[in-house]
Amino acid sequence: MAEVRPIASADQFRAFFRFPWQHYADDPNWVPPLLSMRRQLLDKSRHPAWGYMDGEYFAAWRGDTMLGTIAAFVNHEHNRYHNENIGFFGLFEVVDDAEVAGALLGAAEKWLREQGVSAMRGPASFTTNEECGLLVDNFSPAVIMMPYNAPYYQTLLESAGFEKVMDVHCIYQDRATIAESGSLERLERLVARASQRSGITVRKMNARDKKGEFQLFREIYNAAWEKNWGFIPMNDAELEALVADLGMLVEAELAFFAEIAGEPVGFALTIPNFNEALRLAYPKPGLPEAWTMLQVGWHWKVRKSIKGLRMPLLGVKQAYRNKGVELAMLHEMMKALLPSQYDYLDSGWVLETNPLIKISLSLGGKVYKTHRFYQKSLTG
């Protein structure tokens, strides 16, 4: 029998922190995070989402061996914004053992029932601005800011009574397909007509004022995503954390703002797939992060080992949708990809209900990964 206990000591927290390296030691598809980013994620005094959340960390043990981890939390801002009464689970990592998984999920469920919520949703760590959803196909290495898990997790969750509530997709486009399919030319004609009708212009990010540009990005993001499933507005602390995490990765040539009559109405933020360099450098507990970053810099800047881009965020204010703004930004992104060092673009995640998926498929893209949010009712 596995015993599940809350994390209650520094030694237990250290084991919790290190568990993914133990768990995925033999899995070549897992990409380890920077130690500083994992500390930021787990430290309730530093992670900005804990300003509006309550939660607990749990681990499953058999003797002195940790077999799995989970977080149970209530995101009060989510419940207020969406008028829901749900709890979440995340940081779910577990050996392939239904009894252990059931014990972890049961501990999280018990804690959430004590908070009086009506359902348990996840996985999420901790908001939709971060890694969330369970990978259910194409178990290849994750791109930056996307989660990875073993294939058996799906069976463990569904066997424990969890059901799908929403799928989110990642869309893949490679440079060769863009160049050879004629999609760029078709898109150019569509954008020309849309720009003539609506006066759309697209500009690149101002590299000399990244702080101001990120502030503008947040304003558009909060307006553009306000009705999206699972979304909650980004606050000042979360913006600062995003800038700290992504600021060094953003290349101004690959980030765009769309304007109509001088008003910023949309954005597309694209970053190199940093995970390709992290996978080669392989950060791990006990290895100084300064050394890891030297290796990352070597693989990224010298060897040019990063071949992919990820577009984690694209948004258009609701009043300006269906005018071609999305197409105009995609056009600029595809034009920028062709002469670059990068070979492919990952656009995701995208809600399964988003019409942008059909647009991307018509331009030669393909859905190549799906992450799933699960939910279980706690009212019975």
Exercise for review: Scan the stretch 78-108 for residues that are of a type in the set (D, E, K, R), surrounded by fewer than 20 Cβ atoms within 10 Å (Cβ to Cβ) and in contact (Cβ under 8 Å) with a residue 40 or more places away in the chain and jot them down.
Suggested key: ASP96, ASP97, GLU99
Study note, to complete from the structure: Checking LEU314, LEU356 in turn, the sole residue that is open to solvent by 20 Å² or more (accessible area, probe 1.4 Å), modelled with pLDDT under 90 and closer than 22 Å to PHE214 by Cα turns out to be LEU314
Review point. If GLU253 passes every condition in (1) buried (at least 19 other Cβ atoms within 10 Å of the Cβ); (2) within 27 Å of ILE306 (Cα to Cα) but one, which one does it miss?
Key: (1)
**Study point:** Counted residues, the stretch 281-317 - those being out of contact with any Ser or Thr (no Cβ under 8 Å at 6 or more places or on another chain) and in a helix (DSSP H, G or I)
**Key:** 12
Review point. So which residues in the stretch 163-202 are of a type in the set (Gly, Ala, Ser) and part of a helix (DSSP H, G or I)?
Key: ALA176, ALA179, SER181, SER183, ALA192, ALA194, SER195, SER198
Exercise for review: Can you tell me which residue among ALA241, ALA223 is open to solvent by 10 Å² or more (accessible area, probe 1.4 Å), in contact (Cβ under 8 Å) with a residue 24 or more places away in the chain and more than 25 Å from GLN318 (Cα to Cα)?
Suggested key: ALA241
Exercise for review: May I ask you to say which residue of LEU134, LEU157, LEU112 is in contact (Cβ under 8 Å) with a residue 12 or more places away in the chain, among the aliphatic types (A, V, I, L, M) and in contact with a Pro (Cβ under 8 Å, 6 or more places away or on another chain)?
Suggested key: LEU134
Exercise for review: Residue by residue through the stretch 2-14, note down the ones that are under 26 Å from the mean Cα position of the chain (by Cα) and surrounded by 18 or more Cβ atoms within 10 Å (Cβ to Cβ).
Suggested key: ILE7
Check your understanding: Considering only helices (runs of 4 or more DSSP H) fully contained in the stretch 43-162, which possess at least 2 residues that are acidic (Asp, Glu) and over 19 Å from the mean Cα position of the chain (by Cα)?
Key -> 98-114
Point to revise | Options LYS335, LYS307: the member that is within 28 Å of VAL350 (Cα to Cα) and in contact with an Asp or Glu (Cβ under 6 Å, 6 or more places away or on another chain) | key: LYS307
Revision key, fill the gap. Selection from the stretch 289-326 of residues under 26 Å from PRO233 (Cβ atoms) and among the aromatic types (Phe, Trp, Tyr) yields TYR320
Review point. In the stretch 269-280, is there at least one residue being farther than 18 Å from ASP174 by Cα, at pLDDT 95 or above and either β-branched (Val, Ile, Thr) or out of contact with any Ser or Thr (no Cβ under 7 Å at 6 or more places or on another chain) (or both)?
Key: yes
Review point. Looking at this structure, is SER198 touching a residue at least 24 places away in the same chain (Cβ under 8 Å) and more than 30 Å from the chain's Cα centre (by Cα)?
Key: yes
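The values are calculated or read from the model by the stated rules, or taken from the named source; none is laboratory data. For clarity, every value in this text was computed on a predicted model and none was experimentally measured. No Cβ is skipped: glycine too gets one built from the backbone with ideal geometry, and neighbour counts run over all protein chains shown. Note: accessible area is taken over every heavy atom of the protein model, side chains too, but ligands, DNA and RNA are not part of it. Shrake-Rupley method; radii C 1.70, N 1.55, O 1.52, S 1.80 Å.
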